[in-house]
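Q: I am attaching a structure below and will ask some questions about it afterwards.
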Amino acid sequence: LPIFLKCVGRATNEKRKEQLLRELLKRPSLSPHELNLVLPYLHSSKLKQEFFNRYKPEFVNTPEICTLYRQLAQFEFEQKKYEIVLIYCAQLLNQKEIFHYKDCKFLQAAALASLKHNAKARQAYQELLLTKLTNSEKLQATLGIAQSWEAEGNGNKAIAVAWSGIPASFNGCKKEEIILIKQLLRLIINNAEQTSNEIDQEDALAILQS
């Protein structure tokens, strides 16, 4: 299989790649390990769905199967099937030994937010903040909480949460962190404008333009 996938990777024509990958669908079975190897080559959502439908294993709490189910949850999120995402995330998170905790929890929170279950989304993001996160992940969780308050029409709480994520200095911030910080600042500006909060609006705008 690895040699076959190398050949797929070398193909320059997307149609030819899909033809090659469809040959794999003739196989009676693919192990979870093999399916995890194939997934990065499946660029078509339709083709990805076909592979999942044909080769998805029964859930067992092993690293390889949990990796596969996490990717299934991500796929369903991209298809906007948020209820199904929550089922997969619950399955992965309700285990004694949890694999991919952060990925699943972020996905769960995003699905809850998409379904407008704002309080539950906040709780999921707050649980993430109790774990060891990178700076980028902390900003992502903070943004999620602020957006949940914004979605409920509570601009003051959204502003307060967003400010908690703005660092005193941007020195040493990575590119992805800067992007999230700018999103927090825009959220502050938008909500400050709606609540006639000129001080927060001007402060955030000054930082954004600096």
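The values are calculated or read from the model by the stated rules, or taken from the named source; none is laboratory data. None of the values given here were measured: they were computed from a predicted structure. Reconstructed Cβ throughout: ideal geometry from the backbone, glycine too, with neighbour counts over all protein chains shown. Ligands, DNA and RNA are stripped out before the accessible areas are found, and what is left, the full protein with its side chains, is counted by its heavy atoms. Shrake-Rupley method; radii C 1.70, N 1.55, O 1.52, S 1.80 Å.
Q: Please compute P(r) over all alpha-carbon pairs of the chain, binned at 5 Å starting from zero, and give each bin as a whole-number percent.
A: With a bin width of 5 Å, the distribution comes to 1, 7, 13, 13, 14, 12, 12, 9, 8, 5, 3, 1, 0.
Q: Taking only protein heavy atoms into account and a 1.4 Å probe, give the accessible area per residue of region 131-210 in Å².
A: On a per-residue basis, 58 Å².
Q: Heavy-atom accessible area of F170 with all protein chains present, probe 1.4 Å, nearest 10 Å²?
A: Using a 1.4 Å probe on the heavy atoms, I get roughly 70 Å².
Q: Carbon-plus-sulfur fraction of the accessible area of the chain, 1.4 Å probe, in percent?
A: 50
Q: Roll a 1.4 Å probe over the protein heavy atoms and report the accessible area of T62 in Å², nearest 10.
A: Only protein atoms counted, so the area is about 50 Å².
Q: Using bins 10 angstrom wide from zero, how does P(r) for region 93-210 break down, in % of all Cα pairs?
A: Going out from 0 Å in 10 Å bins, region 93-210 shows 14, 43, 31, 10, 2 percent.
Q: Here is a further query. With a 10 Å radius around each residue's Cβ, average the other Cβ atoms per peptide and rank 93-99, 151-157, highest first.
A: Result, highest mean Cβ count within 10 Å first: 151-157, 93-99.
Q: Let me ask something else about it. For V38, V161, give the ranking by accessible area with the largest first, probe 1.4 Å.
A: The most accessible residue leads, giving V161, V38.
Q: Using Cα springs under 10 Å in a Gaussian network model of the chain, which residue among L107, L128, L30 shows the largest mean-square fluctuation?
A: Of L107, L128, L30, the Gaussian network model singles out L30 as fluctuating most.
Q: Quick check: the angle from helix 45-55's long axis to the longest principal axis of the chain, C-alpha only, nearest 10 degrees?
A: That helix lies at roughly 60 degrees to the long axis.
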